[in-house]
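Heads up, the thing below is written out as structure tokens.
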Amino acid sequence: MRYLWALFGLLALALGTIGIVAPLLPTVPFLLLAAFCFSKSSERLHNWLLSHPTFGPPIADWNERGAISLAAKRLATISIVVVFGISIAIGLRTTLLLVQAATLSCVLLFIWTRPNS
């Protein structure tokens with residue numbers, strides 16, 4: 001079972017790493033998932049991830065205070081606006097736009113109500 005947790009952790013870490021350069025893919029949720037998976041599989045990988053200079057601080061911010069950095073909040077907001085704009089531009093039905101707007105508004109509300117790191 002430890003190998004399965006490690007595999008999921010590595011997959012989540014890969015997706016989080018891609019999310020650093022791909023603005024529509026979230027980074028921190030995948031890093032949190034990787035940390036969880038590594039805590040179940042490998043103390044060495046878990047400690048490496050938490051002490052990593054790039055990946056460690058957002059995980060520590062979330063674990064200690066439930067905080068999200070201001071830069072991450074801004075990037076998430078821009079990404080959400082771009083995605084919604086694309087949805088409008090391609091002409092999605094009004095019903096789908098309303099569902100998407102409600103969902104994305106809830107996501108933004110959650111993000112912006114978290115403390116800044």
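Structure values in brief
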| read-out | value |
| --- | --- |
| Count - residues of segment 64-85 that are touching a residue at least 12 places away in the same chain (Cβ under 8 Å) and in a helix (DSSP H, G or I) | 13 |
| Qualifying position, being modelled with pLDDT under 95 and within 17 Å of the chain's Cα centre (by Cα), among Leu31, Leu45 | Leu31 |
| The lone exception for Thr95 - which of (1) in contact (Cβ under 8 Å) with a residue 12 or more places away in the chain; (2) open to solvent by 80 Å² or more (accessible area, probe 1.4 Å); (3) polar (S, T, N, Q) it fails | (1) |
| Long-range neighbours under 6 Å by Cβ, at least six apart or interchain, first residue closer than 18 Å to Leu50 by Cβ within segment 1-19, second open to solvent by 90 Å² or more (accessible area, probe 1.4 Å) and part of a helix (DSSP H, G or I) | Trp5/Lys40 |
| Of the criteria (1) farther than 23 Å from Val21 by Cα; (2) out of contact with any Phe, Trp or Tyr (no Cβ under 7 Å at 6 or more places or on another chain), which one Ser41 fails | (2) |
| So Ala34, is it of a type outside the set (Val, Ile, Thr) and out of contact with any Gly (no Cβ under 6 Å at 6 or more places or on another chain) | no |
| Trp5 open to solvent by 40 Å² or more (accessible area, probe 1.4 Å) and over 22 Å from Arg114 (Cα atoms) | yes |
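Let's see how each residue does on (1) in a helix (DSSP H, G or I); (2) under 21 Å from Val83 (Cβ atoms):
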| position | (1), (2) |
| --- | --- |
| Ile18 | yes, yes |
| Phe30 | yes, yes |
| Ala34 | yes, no |
| Lys40 | yes, no |
| Leu49 | yes, no |
| Pro53 | no, no |
| Pro58 | yes, no |
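The values are calculated or read from the model by the stated rules, or taken from the named source; none is laboratory data. Computed from a predicted model, the values in this text were never measured in an experiment. Note: ideal-geometry Cβ built from the backbone for every residue, glycine included; neighbour counts use all protein chains shown. Areas reflect the complete protein model, heavy atoms only, side chains present, ligands, DNA and RNA absent. Shrake-Rupley method; radii C 1.70, N 1.55, O 1.52, S 1.80 Å.
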